[in-house]
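To start, the structure under review is shown below, and the notes come after it.
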Amino acid sequence: MSLSPDLLLHGYSIGIFPMAENRDDPDLFWVDPKFRGVFPLDGFHISRTLARRIRRGGYTITIDRDFLGVVDGCADRSETWINDELRRLYKTLHQRGDAHSLEVWEGEELVGGVYGVVLGAAFFGESMFSRRADASKIALAYLVDRLQQTGFRLFDTQFLTAHLASMGAIEIPRERYQAQLAEAIAQGADFAASLSQTPQGVIQRITQTS
């Protein structure tokens with residue numbers, strides 16, 4: 001199946017998303033889970049260990065500085081659903097302002113990050129990666145804080161994993177997801193808005209809303 005960027009966005013708007021069987025398979029297929037993973041934006045769980053790690057610093061957070069680096073970091077594993085066609089599509093969506101990344105750096109080294117697609121006030125989290133302990137958790141904390149501050153209403157994680165559940169993600173039925181999706185994409189949000197995200201500020205805001 002060959003997709004255009006517009007068709008890809010249409011799929012997201014009706015609650016489906018594409019995957020490949022593996023990085024070497026050129027074909028894509030649509031996925032429409034019966035139960036959907038979502039992150040309630042007021043329910044992110046920041047553990048004491050993660051809070052200490054965030055406060056300790058030693059990293060830099062950026063937005064859209066290295067989108068393809070994040071995509072490639074997410075695909076850099078023994079098995080991945082991100083093939084060349086999806087990489088091309090995400091690159092195009094990013095160039096159009098419809099996909100974004102959040103990066104975690106140690107010096108000039110990209111050590112973690114997360115990326116996703118945006119429609120209205122819905123953020124569709126595609127994947128994340130970590131090359132240092134807790135780097136993906138740090139990325140998620142900063143991402144949730146950014147989504148809260150910039151007007152987002154839905155953070156879709158597609159599937160629920162034990163890793164995401166430990167930080168507050170939940171699973172909801174398809175019908176409930178569809179209702180939340182319709183409400184979110186009818187509203188506006190600005191992922192790339194200029195924000196002050198200090199470590200202490202991120203922790204305080206997440207703790208207050210969770």
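The values are calculated or read from the model by the stated rules, or taken from the named source; none is laboratory data. Here the structure is a predicted model, which is why all the values come from computation and not from measurement. Cβ coordinates were reconstructed from backbone atoms using ideal geometry, including for glycine residues, and neighbour counts include every protein chain displayed. Areas reflect the complete protein model, heavy atoms only, side chains present, ligands, DNA and RNA absent. Shrake-Rupley method; radii C 1.70, N 1.55, O 1.52, S 1.80 Å.
Key figures
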{"quantity": "Matching residues, region 174-210, being within 15 Å of residue 40 (Cβ to Cβ) and not aromatic (Phe, Trp, Tyr)", "calculated": "176, 179, 180, 181, 183, 184, 205, 206, 207, 208, 209, 210"}
{"quantity": "Residue that is more than 21 Å from residue 94 (Cβ to Cβ) and of a type in the set (S, T, N, Q), where the choices are 178, 158", "calculated": "178"}
{"quantity": "Per-region count, region 146-174, residues part of a helix (DSSP H, G or I) and more than 29 Å from residue 58 (Cα to Cα)", "calculated": "1"}
{"quantity": "Some residue of region 44-65 being at pLDDT 95 or above, farther than 16 Å from residue 159 by Cβ, under 17 Å from the mean Cα position of the chain (by Cα) and surrounded by 17 or more Cβ atoms within 10 Å (Cβ to Cβ)", "calculated": "yes"}
{"quantity": "Which listed residue, of 142, 177, is over 19 Å from residue 62 (Cα atoms), modelled with pLDDT of 95 or more and hydroxyl-bearing (Ser, Thr, Tyr)", "calculated": "177"}
{"quantity": "Close pairs from region 49-72: first under 14 Å from residue 135 (Cβ atoms), partner part of a strand (DSSP E or B) and among the small types (Gly, Ala, Ser), Cβ under 6 Å, at least 6 apart", "calculated": "70/101; 70/113"}
{"quantity": "Segments classed as strands (runs of 3 or more DSSP E), wholly inside region 23-107, with at least 3 members that are not aromatic (Phe, Trp, Tyr)", "calculated": "35-38, 60-63, 99-106"}
{"quantity": "Residue within region 1-14 that is aliphatic (A, V, I, L, M), within 21 Å of residue 93 (Cα to Cα) and loosely packed, with under 12 Cβ neighbours inside 10 Å present", "calculated": "yes"}
{"quantity": "Residue list for region 15-31, restricted to those being under 18 Å from the mean Cα position of the chain (by Cα) and either open to solvent by 50 Å² or more (accessible area, probe 1.4 Å) or β-branched (Val, Ile, Thr) (or both)", "calculated": "16, 31"}
{"quantity": "Number of the condition not met by residue 81 [criteria: (1) surrounded by fewer than 14 Cβ atoms within 10 Å (Cβ to Cβ); (2) at negative phi]", "calculated": "(1)"}
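Residue-wise test of (1) closer than 25 Å to residue 14 by Cα; (2) polar (S, T, N, Q); (3) surrounded by fewer than 18 Cβ atoms within 10 Å (Cβ to Cβ).
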| position | (1), (2), (3) |
| --- | --- |
| 127 | yes, yes, no |
| 133 | no, no, yes |
| 146 | yes, no, no |
| 186 | yes, no, yes |
| 194 | no, yes, yes |
| 199 | no, no, no |
| 202 | no, no, no |
